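Quick notes on the structure that follows.
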Amino acid sequence: MHRHQNHLTQSFYERSAERVAKDLIGCLLERTLEDGTRLAGYIAETEAYVGPEDRASHAFGGHRSQRNESMWAPPGTVYVYFTYGMHHCLNVSCLRQDHPAAVLIRAVFPILGLKTMRTLRTKRPRKHALKDRHLCDGPGKLCQAFAIDRSLDGVNLLQSSQIAIRQGVAIKGGEIQCTPRIGIGTAGDWVGKPLRWVTRVDPR
DNA sequence: GCTGTGATCGCCT
DNA sequence: GGCGATCACAGCA
């Protein structure tokens, strides 16, 4: 195995989804495409899906299937799911193997490969040109911009040549807001829990 | 900036 | 058959 400098460590991911989600803010998401093109951005928004007790989680009640198997995988495993019939979303498993906890990466500030990202985000004709700040400002958008789909599901972030997360820029605690998660409709008590972390500080 | 709505399909009942 | 861990667009402020 090739260990890269600045890679987040295994122990970084061997923590609760809450801790991992908050600490991923400001880290660098990197992607290398088949043709060698490199894409990167600083993580700006995350959500924690804490475990089988979390009604909003795909693994609620211990539900385990082919779709969400990566949530149960060793910490640092990529979980990509397909939703709304057209979008992919990127997650990282955490805490421990056989416990379904994960962090959803919802947005990044793009810093490398913006031209390629814009092409990937414009497969259908658009009415309005895409501003840089809208390239990766949503979980489905960032998967489009980074060419992330189910083919990356199950890969290990510490070992993959296709995707990695590295130390990035330090964001002060005061610059990170914590709010309820987005798009959680019917999860009882879990709807309002503050499990989303977001910064408006753009380090670019 | 905000709010409402249609698109589109894998997964579950 | 119903519903998403969403997005683009229209209309409005």
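The residues on offer are A:Ala59, A:Ala73, A:Ala48, and the sole one that is more than 22 Å from A:Leu120 (Cβ to Cβ), among the aliphatic types (A, V, I, L, M), touching a residue at least 40 places away in the same chain (Cβ under 8 Å) and within 14 Å of DNA strand B (Cβ to nearest atom) is A:Ala59.
Residue by residue through the range A:79-96, note down the ones that are buried (at least 23 other Cβ atoms within 10 Å of the Cβ), of a type outside the set (S, T, N, Q) and either in contact with a Leu (Cβ under 9 Å, 6 or more places away or on another chain) or without any contact (Cβ under 8 Å) to a residue 40 or more places away in the chain (or both).
Residues of the range A:79-96 buried (at least 23 other Cβ atoms within 10 Å of the Cβ): A:79, A:90-94.
Of the ones still in play, those that are also of a type outside the set (S, T, N, Q) are A:79, A:90, A:92, A:94.
Across the range A:79-96, the qualifying residues are A:Tyr79, A:Leu90, A:Val92.
Checked across the range A:103-110, the condition of being touching a residue at least 40 places away in the same chain (Cβ under 8 Å), in a loop (DSSP other than H, G, I, E, B), in contact with an Asp or Glu (Cβ under 8 Å, 6 or more places away or on another chain) and more than 12 Å from DNA strand C (Cβ to nearest atom) holds for no residue. Residues of the range A:29-58 that are among the polar types (S, T, N, Q), touching a helix residue (DSSP H, G or I) at 6+ places or on another chain (Cβ under 6 Å) and assigned to a loop (DSSP other than H, G, I, E, B): A:Thr37 alone.
Restrict the check to the range A:23-39 and report whether at least one residue is under 17 Å from A:Gln97 (Cα atoms), surrounded by fewer than 18 Cβ atoms within 10 Å (Cβ to Cβ) and small (Gly, Ala, Ser).
Quick first cut of the range A:23-39, residues under 17 Å from A:Gln97 (Cα atoms) only: none.
No; the residues of the range A:23-39 include none that is under 17 Å from A:Gln97 (Cα atoms), surrounded by fewer than 18 Cβ atoms within 10 Å (Cβ to Cβ) and small (Gly, Ala, Ser).
Could you list, in sequence order, all residues of the range A:103-118 that are away from DNA strand B (no atom under 15 Å from the Cβ) and either touching a strand residue (DSSP E or B) at 6+ places or on another chain (Cβ under 7 Å) or of a type in the set (Asp, Glu) (or both)?
So the first thing to find is which residues in the range A:103-118 are away from DNA strand B (no atom under 15 Å from the Cβ), and the list is A:103-106, A:108, A:110-118.
Passing the criteria: A:Val103, A:Leu104, A:Ile105, A:Arg106, A:Val108, A:Pro110, A:Ile111, A:Leu112, A:Gly113, A:Thr116, A:Met117.
Residues in the range A:74-102 that are of a type outside the set (D, E, K, R), away from DNA strand C (no atom under 11 Å from the Cβ) and within 17 Å of A:Leu8 (Cα to Cα): A:Pro74, A:Pro75, A:Gly76, A:Thr77, A:Val78, A:Cys94, A:Leu95.
Within the range A:142-185, the set of residues being within 13 Å of DNA strand B (Cβ to nearest atom) and either without any contact (Cβ under 8 Å) to a residue 40 or more places away in the chain or not in a loop (DSSP other than H, G, I, E, B) (or both) comprises A:Arg150, A:Thr179, A:Gly183, A:Gly185. Taking the criterion of being of a type in the set (Gly, Ala, Ser) and surrounded by 14 or more Cβ atoms within 10 Å (Cβ to Cβ), the residues of the range A:59-78 that qualify are A:Ala59, A:Ser70, A:Ala73, A:Gly76.
Condition check for A:Arg121 on (1) within 7 Å of DNA strand C (Cβ to nearest atom); (2) farther than 23 Å from A:Lys193 by Cα; (3) touching a strand residue (DSSP E or B) at 6+ places or on another chain (Cβ under 8 Å): one failure, at (3). When A:Thr116, A:Thr122 are checked against the criterion of being among the polar types (S, T, N, Q) and assigned to a loop (DSSP other than H, G, I, E, B), A:Thr122 stands alone in meeting it.
Every number in this text was worked out from the coordinates using simple rules, so none of it is lab data. Here the structure is a predicted model, which means the values were calculated and not measured. Neighbour counts are summed over all protein chains in view; Cβ atoms, including those assigned to glycine, are modelled from backbone coordinates with ideal geometry.
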